Amino acid sequence: SIVVLSPSDIETHLADLTRVIRDSVLDGAAISFMATLTDAEAQRFWNDDVRSGLEFGSRLLFGALVDGRLVGTVQLVVGMPPNQPHRAETSKMVVHPESRRLGLGKALMTAALEAAERSNKTLVTLDTRTGDVAGALYRSVGFEKAGVIPDFAYDPDGQARHATTYMYRYL
């Protein structure tokens with residue numbers, strides 16, 4: 001099932017949230033972290049960065065639960081600058097490597113898009129590593145390519161830089 005997670009749910013699911021991020025990065029996911037990510041660093045991300053956004057109301061966190069265990073997340077950033085009140089952005093769409101290919105990514109993205117629409121957003125944006133398998137998922141829920149920036153970030157192993165593709169979807 002797909003659920004909206006509250007700030008207190010972060011503590012409840014912290015072990016799973018940490019495992020999802022850590023194992024995904026070790027599997028090569030380009031979600032801003034390096035392969036040297038420790039559990040403590042991942043926990044700080046959830047407890048500090050994400051929790052504060054949830055408490056402030058600037059972001060929503062969706063979780064995919066399978067048999068009561070959290071196996072995937074996506075964030076919807078709704079707190080945008082004053083000149084962009086119509087826009088939201090998805091962030092950190094990640095499903096644990098062992099739970100991929102079950103439709104959870106699509107279900108998470110659908111939940112985020114529905115929440116954006118309920119928040120009166122008319123445009124949702126995201127960026128993804130160019131050529132990543134996630135691109136097909138984003139296209140399947142209606143995102144279109146806006147452009148590519150070369151050498152945007154390092155791969156998690158730190159060996160090479162990759163391009164990122166910006167995408168958008170009107171609601």
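Computed values, structure above
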item	result
ASP16 over 28 Å from TYR168 (Cα atoms), open to solvent by less than 60 Å² (accessible area, probe 1.4 Å), modelled with pLDDT of 95 or more and not basic (Lys, Arg)	yes
Residues of segment 77-95 classified as of a type outside the set (Gly, Ala, Ser), more than 15 Å from THR122 (Cα to Cα) and touching a Lys or Arg at 6+ places or on another chain (Cβ under 8 Å), total	0
Residue identified as at pLDDT below 95, out of contact with any strand residue (DSSP E or B) (no Cβ under 7 Å at 6 or more places or on another chain) and basic (Lys, Arg) among ARG51, ARG44, ARG101	ARG101
Criterion violated by ARG161 - all others in (1) closer than 19 Å to VAL25 by Cα; (2) in contact with a helix residue (DSSP H, G or I) (Cβ under 9 Å, 6 or more places away or on another chain) satisfied	(2)
Residues that are surrounded by fewer than 22 Cβ atoms within 10 Å (Cβ to Cβ) and not in a helix (DSSP H, G or I), drawn from segment 104-125	SER119, ASN120, LYS121, THR122, LEU123, THR125
Residue within segment 143-156 that is charged (D, E, K, R), at positive phi and either part of a strand (DSSP E or B) or crowded, with 21+ Cβ neighbours inside 10 Å (or both) present	yes
All positions within segment 38-66 that are β-branched (Val, Ile, Thr) and surrounded by 12 or more Cβ atoms within 10 Å (Cβ to Cβ)	VAL50, VAL66
In segment 67-103, residue nearest to the chain's Cα centre (by Cα) [restricted to those that are farther than 22 Å from GLU55 by Cβ and open to solvent by 70 Å² or more (accessible area, probe 1.4 Å)]	ARG100
Restricting segment 157-171 to residues that are surrounded by 13 or more Cβ atoms within 10 Å (Cβ to Cβ) and touching a strand residue (DSSP E or B) at 6+ places or on another chain (Cβ under 6 Å), the residue that is farthest from PRO85 (Cα to Cα)	HIS162
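The values are calculated or read from the model by the stated rules, or taken from the named source; none is laboratory data. Since this is a predicted model, take the numbers as computed values, not measurements. Every residue, glycine among them, receives a Cβ derived from its backbone with ideal geometry; neighbour counts consider all protein chains shown. Each accessible area value is taken on the protein alone, full model and side chains, heavy atoms only, with ligands, DNA and RNA left out. Shrake-Rupley method; radii C 1.70, N 1.55, O 1.52, S 1.80 Å.
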